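The structure appears below as C-alpha cells.
The values are calculated or read from the model by the stated rules, or taken from the named source; none is laboratory data. The model shown is predicted, which means the values in this text are computed figures rather than measured ones. Here the Cβ positions follow ideal geometry from the backbone for every residue, glycine too, while neighbour counts run over all protein chains shown.
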Amino acid sequence: MELYIERGFEQTTVTEIASRAGLTQRTFFRHFADKREVLFAGADQLKELIVRTLDSALDSAAPLDAVAEALQVAGAAMQEGGDRPRLRQVVITANPELQERELIKLASLAAAIAGALRQRGVPDPAASLTAEAGIAVFKIAFERWISLDGQQDLPETIREALEELKAVTAGK
C-alpha cells in the first residue's frame with residue numbers, strides 16, 4: 001500500500017513490492033497473480049464471512065435486516081485492518097482499472113448475497129433487490145466511514161445507512 005501511495009499504482013512494479021516486503025518475485029507470485037491482487041486479496045474470505053453470517057441469521061429476521069447484520073460483521077472485520085481499507089480505497093479511487101475491478105467485486109458479492117437469500121427461501125426478484133440494496137448501503141456507509149478517517153465505528157455507520165434507507169422507503 002505504501003508503494004502504491006508513494007509512487008502510484010501504475011508506476012509500482014512487482015519487483016518493488018516484493019523487495020519492500022522482503023520477498024522474491026517468485027514468492028510474490030505464489031500468493032498473488034499480479035499486483036492488482038494485492039489490493040483485492042481477502043475478497044473471497046470477506047464474501048464467505050458475509051454468506052456464512054447470513055446463513056446463520058435467525059429465520060425470523062427480515063431479509064434486509066439479515067443482510068445488514070452480515071454486512072456489519074464484515075465491516076467489523078474490515079475495521080480490524082487498521083488503515084489498510086482507507087489506503088486501499090485511495091489507490092482504487094485514483095485508478096479507473098481498479099475502480100472497474102472493485103465494481104466487479106461488489107457485483108460478485110451482491111450475487112453471493114442474493115444466492116444466500118434464495119437459500120433462506122426469499123424468492124426473486126426480492127432476493128436480488130435486497131442484495132443490491134445491501135451493497136448500496138454498504139458502499140455508502142464505507143465511503144462515509146472513509147471520509148471520517150475511521151472516527152466512527154464502521155458497523156455503526158452501516159447500521160445508520162440502513163436506517164436512512166428504511167426511512168426513505170417509508171416516506172419519512
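Restricting the search to segment 25-40, which residues are surrounded by fewer than 13 Cβ atoms within 10 Å (Cβ to Cβ) and not polar (S, T, N, Q)?
Within segment 25-40, Arg26, Arg30, His31, Ala33, Asp34 meet the criteria.
In segment 32-70, how many residues are assigned to a helix (DSSP H, G or I) and under 20 Å from Leu87 (Cβ atoms)?
Summing the residues that are assigned to a helix (DSSP H, G or I) and under 20 Å from Leu87 (Cβ atoms) in segment 32-70 gives 7.
Hey, can you tell me all the residues within segment 52-93 that are farther than 19 Å from Ala111 by Cβ and touching a Phe, Trp or Tyr at 6+ places or on another chain (Cβ under 7 Å)?
Val91
In segment 122-131, how many are surrounded by 15 or more Cβ atoms within 10 Å (Cβ to Cβ) and more than 18 Å from Thr53 (Cβ to Cβ)? Talk me through it step by step, then tell me what you get.
Looking only at segment 122-131, we keep the residues that are surrounded by 15 or more Cβ atoms within 10 Å (Cβ to Cβ), and these are 122, 127-131.
From the residues that got through so far, the ones that are more than 18 Å from Thr53 (Cβ to Cβ) too are 128-129.
Within segment 122-131, residues that are surrounded by 15 or more Cβ atoms within 10 Å (Cβ to Cβ) and more than 18 Å from Thr53 (Cβ to Cβ) number 2.
Only one of (1) part of a helix (DSSP H, G or I); (2) assigned by TED's automatic domain parsing to the domain that holds Ile135; (3) more than 17 Å from the chain's Cα centre (by Cα) is not met by Phe29, so which one is it?
The single condition Phe29 does not satisfy is (2).
Is it the case, given these coordinates, that Ser108 is exposed (fewer than 14 other Cβ atoms within 10 Å of the Cβ), in contact (Cβ under 8 Å) with a residue 24 or more places away in the chain and either polar (S, T, N, Q) or within 16 Å of Ile140 (Cα to Cα) (or both)? I'd like the intermediate steps shown before the answer.
Numbers: exposed (fewer than 14 other Cβ atoms within 10 Å of the Cβ): yes; in contact (Cβ under 8 Å) with a residue 24 or more places away in the chain: yes; either polar (S, T, N, Q) or within 16 Å of Ile140 (Cα to Cα) (or both): yes.
Yes, satisfied.
Do any residues in segment 41-68 that are assigned by TED's automatic domain parsing to the domain that holds Thr130 have Cβ atoms under 8 Å from those of residues that are loosely packed, with under 12 Cβ neighbours inside 10 Å and among the aliphatic types (A, V, I, L, M), where the two are at least six apart or on different chains, and which pairs are they?
Within 8 Å, the pairs are Ala66/Leu58.
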